[in-house]
Amino acid sequence: MKGDRLRLALRDLAAAAAFAAMAISGQVPPWAVGLFLVALAVALVPRRPLADGRLSALALLLAVVVLYAAVVLDQLDLVVAACITAALLTAQRMLSRPSPRTTDQVHLASLLMIAGGAVLSADLLFAFCLLLYATLAVLSQGLGVVAETGGGVLPPVRRVLRPLLLGLVLAVAGALVFFVVFPRLSWNVAARRGGASLGPATVGFADGLRLGGAGLIKSNPRVVLRARLDPDPGTELLDVYWVGRRFDSFDGIQWSASDRPGRATHQVLLAPPEPGLVRQEIELLPAYGSRTLVALDTPVVFGDAQTHQTTFTVRADLLPVGGEVRLVGSSDRVTYRAFSAVEHGPALAPAGPERERSLRLPARLDPRIPALARTLSQGALNDRAVARQLERALQTDYAYTLELPGRVKDPLADFLFSRRAGHCEDFATALAVLLRARGIPARVVVGFHGGERAAGEYLVRAGDAHAWVEAEVEGHVLRLDATPPQHRSGEGTGALGWLLARWEALQIRWLDRVVDYSLADQARLAERVRWAPGQESRAGARRASADRSVLFALCGLVGALLLAALLGRAASSGDAEQLGRSLHRLLARRGRLGPAGWLDDARVEGRELAPLRASIARYREARFGRRPLAPGEGRQLLQQARRALGTLGPASASPRRHPPSGA
Amino acid sequence: MSRRERLSRAWRRLWIPPRRLRTTAAGRTYLVLTFGVGLGALNTGNNLLYLVLGLQLSIIIVSGILSERCVRRIQVRRLLPASPRARAPFHLGWGLRLRRGQAFALTVSEVHPTLGSSVARLAWLPAGEEVTVRAVAVAPRRGPVRLRWVRLSTTFPFGLFVKIRDVELDGEILVLPARVPPPPEPPGPSSGLGLEQRSLRGPDGGGDLAQLRELREGEDARRIHWRKSAQLGTLLRVERDAQPQPRIVLQLDEGGPAERLDLACEQLAARAEVLLSRGAEVGLESSGGLSVKPSAGPSQSRIILRALARAGHERPPA
């Protein structure tokens, strides 16, 4: 086996995977990352400059002392310090002279790093790092054990890889089974939720909405929130509006809100509750990046908000700012409940100064805009008709595009009269201004449109960010959306977008089914697996059926393994030693063993016992003559011996029992 | 085998598990780490620690399965040395064969207090052919060494545990007395060694020239006297008187402590080898009833050495 270099490379790469499991948390300091990467590169060259490990061990000890001094001085987290210690130890061992002992130490220190990664990070990438580490470590260790044994001919690497890969598959399957069935006897309080694994947050509701920017966000597939709705619509795609923030002041280029913040509280009531509200359990994910809470249009109540920090969860206060609700404090991950009046539509229109602000036009408004408003709404009999006519006109006469030329002096006039194409912000601004030009109070709302189903929940992506208009018509608020319907939700960006979308969906499943797996989930799983003839819903029946299928597949797998073991045992009964033992037992029962108790001096004379003698001869040949028995031959020989003995009685001499020797 | 011995063997088989497991140093550390991760998982409820713990436990189980696949179907044949001497290294061999599958990282040894430390290693045992492995062993004392179990073990796949399978395989090595320098003085009557000489006359002895005669067909050409044959023009062969050969019967006292008996056996063995190499007929008698008739030649040396090896242990087989 020409495997020494390969084995060491596998070992070092396994250590790298273990280190990556920690590093993805973003909590390992950059200097530690750099140090480890340098050590890895040197080890892979391969160079082992720390052949005499005494000095480096001393340096390592010093580094550990410094690290823990930093912990005592509250400059470093204890877990992070432990992880860095494991990384430094691994690096030092990787660069030492290779030996079975150092290899074992590298693997064990890597295992420590994996455990550290499990504590520091909850990202899906951890699963990949764990799998990669397990694969590389198993292969490296297996090849190492064979090579270090020495003696005889070393096998080709591929001959060793086969059982090792089989072992790896069994180990991963066993780990999953253990994970699912091992009772969770404690609360899941120490899992550290991962940060935004694919870069910084994307949405970030700003204090204002400025026209003229490119609509890149529409092609961003990152999931920003997940919501569980009750009652569950059950559809794959939602056609709903998620309200975030309302803007009522427009200066010709930028929209802003002039509401003052209210008092922070645990629960915010935006309108009187009424029956038939849709309950939403919403989780804002790290990609969201804003403190503004969103809910289905029209939100009525916000409450029960919790921020999930690295190691703990706390209840959070909410701050009402006009129709908007903000979180007090900040966190990568926020969960809360909201209730919305989806069926009844928006509540009563605001009055007083708010209404006045919703009618104000920009000071330097292009004079063509009021004329356009009149032209487009010609023939409409009332405000509602005017609003609908303007909405329809913009939807049909203007094109949707994300490719904008950049900042212009009057973006609204540019959209309405020059380019005649824009994105949702342009459409919403144009409609609001046209409505105001016709004396109808209007404001721009930003939030999201749509949502796709995944694992019983709805996911909203950054690309679903949207802007629309609320107009006051006949004392009520009317939602108007001038953006062409096919462009309201996010748009894909080819293969990369598809991949990112899949990754986010996978990440959510990972968080939901692995990181947050609990005793309650185990109970639910047990309940689902239980045989229940009448399922309440088709989806439930499908899910239960899938769970049962998985259980049956697992049982089938275990059964197949047991059967294989039994068949293997049955097949091994054809071995010479087994045949020898069976013949010995047979002859002992019939009192035909010789005085020494060996098959060699068995009393098997006579013509009628010739087949028995042949069986014994064949046994000797198979056992000592290098002519192994064919599959099933042992059984035939034994039957042949039994038939030959038939009804013959015991021989005259007394039998003695000695089992045949050997394997 | 006595009834008691059979019962003892059955009892032992009942209580000794078919496989034994021993942890290596790395395995012990691994177990401590597994315990630590388990404790951490239970204490914190961190699901990822549960996942790591599951993987670690699975690795332990998989290690057991793969190592069992390695040692399970191996057939062993013992290759005993022909004439090992006490306190001298000799090769102990085993023939290993696997009908199907393959085995890795094997070590083979005897389950024996003194020979058990001699270990043979084999990195790979493919299916089909028999592979012979050897270990160098040293037996401290002469005598029969009874071997009952061959120990197969493997650290495959991860080097965390040693899976041990003891294969029952009866065998015996007869360790001959150690090689020592022969006693400096020839044996006298006081030492208990008897010596008897007799002169024999024979046609092909090694003594003085008796006569020359014509070579007959089929006779050994090495006996031709070439000078006389050349003078007379015909092939003549030499006939000599038989050389007188001493007949010596060595006497062994089997009484006394084992160390003294071992020393006596070693000295007698050395003496017998010297005498036999000189062409003497050597026999052996002991106070314990051991008796080897005097004879000459290398086979006699083997017989005497084997008899001396068994002296004090048991009677030689009839």
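Every read-out reported here was derived from the displayed coordinates using simple, explicitly stated rules and does not represent laboratory data. Everything quoted here is computed from the prediction, not taken from an experiment. Neighbour counts are summed over all protein chains in view; Cβ atoms, including those assigned to glycine, are modelled from backbone coordinates with ideal geometry.
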Crossing angle, helix B:3-15 versus chain B [Cα axis fit, 0-90 degrees, rounded to tens]:
30 degrees
If you take every residue apart from A:W503 with its C-beta less than 14 Å away from the C-beta of A:W503, what net charge results, scoring Lys and Arg +1 and Asp and Glu -1?
+2
After finding the eigenvalues of the alpha carbon gyration tensor for the stretch B:19-175, what semi-axes result from the square roots of 5 times each, listed largest first in whole Å?
39, 17, 10
How many percent of the alpha carbon pairs in chain B exceed a separation of 36 Å?
49 percent
Could you compute the FRET efficiency for A:D304 and A:L78, with r as their C-beta to C-beta distance and R0 at 41 Å, rounded to 0.05?
0.80
Give a residue-ordered list of calculated ³J(HN,Hα) values for the stretch A:599-612 (Karplus: 6.51 cos²θ - 1.76 cosθ + 1.60, θ = phi - 60°; whole Hz; x for Gly, Pro).
5, 4, 10, 5, 8, 10, 6, x, 5, 5, 9, 4, x, 5
Order of A:H107, B:H225, A:H449 under a 10 Å beta carbon neighbour criterion, fewest first
B:H225, A:H449, A:H107
Using only the alpha carbons, work out the radius of gyration and Dmax of the stretch A:4-157 in angstrom.
15.7, 57
Distribution output for the stretch A:400-457: share of Cα-Cα pairs per 10 Å bin in percent, first bin at 0, values 19, 40, 25, 11, 4
Relative contact order for the stretch A:208-503, counting Cα pairs under 8 Å that sit 6 or more residues apart, in percent:
27 percent
The computed P(r) of the stretch B:1-62 puts the percent of Cα pairs beyond 13 Å at 71 percent
Within 9 Å, Cβ to Cβ, of A:V445, how many net charges do the neighbouring residues add up to if Lys/Arg are +1 and Asp/Glu are -1?
+2
Got the relative contact order for chain B handy, in percent, Cα pairs under 8 Å and 6 or more residues apart?
14 percent
DSSP loop trypsin sites (Lys or Arg not before Pro) in the stretch B:218-318 with at most 15 other Cβ atoms within 10 Å of their Cβ, which ones?
B:R278
Does anyone have the angle between helix B:298-310 and the longest principal axis of chain B? Alpha-carbon axes, 0 to 90°, nearest 10?
50 degrees
As a test of the definition: which semi-axes, in Å, follow for the stretch A:208-503 when you take the square root of five times each eigenvalue of its alpha carbon gyration tensor? Largest first, please.
31, 23, 18
Quick query: amide H of B:R85 versus all other amide H atoms, modeled in the peptide plane; which residues come in under 5 Å with a sequence gap of 5 or more or a different chain?
B:L176
Under the Karplus relation with 6.51, -1.76 and 1.60 and θ = phi - 60°, whole-Hz ³J(HN,Hα) for the stretch A:437-448, x at Gly and Pro, equal 4, 9, x, 9, x, 8, 9, 9, 10, 10, x, 9
First measure r as the distance between the Cβ atoms of B:E129 and B:L7, then evaluate 1/(1 + (r/R0)^6) with R0 = 41 Å and state the FRET efficiency to the nearest 0.05.
0.60
Once fully extended, how much extra length lies between A:F417 and A:E356, figured as 0.36 nm per residue of separation less the alpha-carbon to alpha-carbon distance?
19.2 nm
Angle, helix B:25-44 long axis vs. longest principal axis of chain B, Cα atoms, 0 to 90°, nearest 10?
10 degrees
For the stretch B:59-142, just the Cα atoms, rotate onto the principal axes and tell me the three extents in Å, largest first.
45, 28, 15
Amide hydrogen neighbours beyond the local backbone of A:A454, cut-off 5 Å, H modeled
A:L459
Starting from the amide H of A:V473, placed 1.01 Å from N in the peptide plane, find each other amide H under 5 Å away whose residue is 5 or more places distant or on another chain.
A:L478
Ordered by number, the GluC sites (Glu not before Pro) in the stretch A:234-301 that occupy a DSSP loop and have at most 12 other Cβ atoms within 10 Å are A:E236
Just to confirm a number: summing +1 for Lys and Arg and -1 for Asp and Glu over residues other than B:V119 whose beta-carbon lies under 13 angstrom from that of B:V119, what do you get?
+2
Residue-by-residue Karplus 3J(HN,Hα) for the stretch B:171-181, coefficients 6.51, -1.76, 1.60, Hz, glycine and proline x:
x, 9, 10, 9, 8, 6, x, 5, 6, 10, x
Calculated on alpha-carbon atoms, Rg and Dmax of the stretch A:576-645 in Å:
11.1, 33
